[in-house]
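Worksheet: one structure, shown below.
Every read-out reported here was derived from the displayed coordinates using simple, explicitly stated rules and does not represent laboratory data. From a predicted model like this one, the values you see are computed outputs, not experimental measurements. Every residue, glycine among them, receives a Cβ derived from its backbone with ideal geometry; neighbour counts consider all protein chains shown.
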Amino acid sequence: MNIVPNEYKLDTKPVNMITANEYEMVEVRSDDNVILNAQNIRIQLKDLSTFTNLYNAYIEVHFRVVKEADGTNFTANDRIALTNSVASLFSRCVLRLQNNIVEVLDEQHISAIVKGLLLYSDDYTRTTGTNELWYKDTGDCDAIATSQLPFTHIATAGVNENALKIKENPNYNKGFAKREELCRASQKVVAHIPLSTMFGFCSIDRVLTGNLVALEFTKSQASDHLHAGLDTGGNQTVNGKVLLDKISMWCPRIMPSPQIDLELKSAIGGGLVSDYKYAVFNSYVSSTIPANTSNTNIFKVLTQSEKILQAFVFFRKSGRTQADPKWKTIIEDKISELEVRLNGKTYPARRYSELTDAVGRSRAYLELVKFMNKSTNYDSGIQLSLEEWKNTSIYAFDLRAQPDNWSKSPSTLEVVGSFNGQIGTEGTWNVCVVSERHTQINYQGSQPVVNVM
């Protein structure tokens, strides 16, 4: 077979793109106009006559952080901010089509941590990601006063009494400092997040028509989405709460060119069936594990019928307050061995061991960066370096290689961890499970029929 370089193809004809005659973004407001203290928000798209594409849709959120006790504004001396990503505001998210539940995201604020750290590249977080209030926590992930200076200055004697010894502060949390600056003194913050970042169904670039689209959001606990530090006087900033000034969905209203419009309507009239296969991120939290636990601990995560593809496990302090970092894990010198069991089979075949020293941790980190083949992708990686991973230790389990479940019986996932002596602090297993879901939209008849399988 011979391949001719493009430069020698003198008879190549130009390619013409047949696209839409109109492609405008329209705003859909929440059902309730006043949502300041609302715990549940619903947004509905009721335009059934035109085409839309949820892949290009996004959520716009306007919010302020005020004092929890009386709703008054914080001062410029206080230090409190939303934790990473505006998605942390929501613990449960639901997507409905034609009043059928297509996707449910439980403990979504936990999944947002995993998605941001493992899916986003460094370039994305430094540019586009900032629009969703994503600024990576650094150092010890904390928000204390000593973490608000990137460098420490120490006067040196002997050479010059006015000289300064400048040393980088390893505990400096650059991400918190930036988010706190944006949220300071209860000023309004506007953030946007693509629907495709939250819902797997929306990650498929495909138009819809005739479908009633509804989004439902449940607000997470303030201790899960707010991070408070020491104020300029060295005192702990009081608890806060988030007031929602506005939440809306922006989605495209598409009018295809006559040629495409005719083809689409002809296919739809002929009973077109549109298939969607996508990944769903759901997170689960175990019951509290006592501080004096020193034996092997088993957490039965879930039983579900969908095919489980990946599991990400990390161990965090329980009973977190607004003063506690949301990314920081309790793992260093605490867990010695770790594995998951899917329907009784152990993954990985050789469990993660020697996790209290560099050998085991290096292996576990390498398995983490294999997610989405980023261990061999020289153009992008994950957000965590090996050093940063010590403070945010997420363990990855690849479960894609498994026998087909022809009987469609429920799958059971368990986390099995062995502790190195007493853990010292009460904690919980946090498990983000990525599973495969299949949905069909049947356009036969006057209204589309949605089937979730």
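Details
- Pair N292, N169: separation of 7 Å Cα→Cβ label points (nm): 3.9 nm
- Cα→Cβ-extended label distance, 7 Å offset, between D357 and K178, nm: 3.8 nm
- Backbone phi angles across the stretch 96-111, fed through the Karplus curve with coefficients 6.51, -1.76 and 1.60 (θ = phi - 60°), yield HN-Hα couplings of 10, 10, 6, 6, 9, 6, 8, 8, 10, 10, 9, 6, 5, 5, 7, 4 Hz in residue order; Gly and Pro are listed as x.
- For the listed peptides 86-96, 333-343, 301-311, 268-278, a ranking on the average number of other beta carbons within 10 Å per residue, highest first, reads 86-96, 333-343, 301-311, 268-278.
- Placing unit charges on the Cβ atoms only, positive for Lys and Arg and negative for Asp and Glu, gives the chain a dipole magnitude near 460 debye about its Cα centre.
- The phi-based Karplus calculation (6.51 cos²θ - 1.76 cosθ + 1.60; θ = phi - 60°) puts the 3J(HN,Hα) values of the stretch 231-238 at 6, 5, x, x, 9, 5, 5, 5 Hz, whole numbers, x for Gly and Pro.
- Computed about the Cα centre, the dipole magnitude for the stretch 380-453 is approximately 260 debye when only Lys and Arg (+1) and Asp and Glu (-1) carry charge, each at its Cβ.
- Available extension along the chain between N77 and S380 is 105.3 nm, counting 0.36 nm per residue and deducting the alpha carbon span.
- Estimated distance in nm for a label pair at Q221 and L149, the labels positioned 7 Å out from Cα along Cα-to-Cβ: 3.5 nm
- Using 0.36 nm per residue and subtracting the Cα-Cα separation, the extra length available between Q44 and M453 on full extension is 144.9 nm.
- Lys, Arg +1 and Asp, Glu -1 on Cβ, resulting dipole of the stretch 25-130 about Cα centre, debye, nearest 20: 40 debye
- Under 16 Å from a label point set 7 Å out along the Cα-to-Cβ vector of N239, the amide N atoms of the stretch 44-73 belong to 66-72.
- Ordering 351-364, 204-217, 400-413 by mean Cβ neighbour count within 10 Å, with the highest value first, yields 204-217, 351-364, 400-413.
- Each helix, a run of at least 4 DSSP H residues, gives -39500 (n - 2.57); summed and divided by the residues of the chain, these come to -3500 deg cm²/dmol at 222 nm.
- Relative packing of peptides 20-32, 169-181 - highest average C-beta neighbours within 10 Å first: 169-181, 20-32
- Residues whose amide H comes within less than 5 Å of that of W134, counting only those at least five positions distant or on another chain, are S85 (H built at 1.01 Å from N in the peptide plane).
- Phi angles of the stretch 7-23 translate, via the Karplus equation with coefficients 6.51, -1.76, 1.60 and θ = phi - 60°, into HN-Hα couplings of 5, 9, 8, 6, 9, 5, 8, x, 9, 9, 8, 8, 10, 7, 7, 8, 9 Hz per residue; Gly and Pro are given as x.
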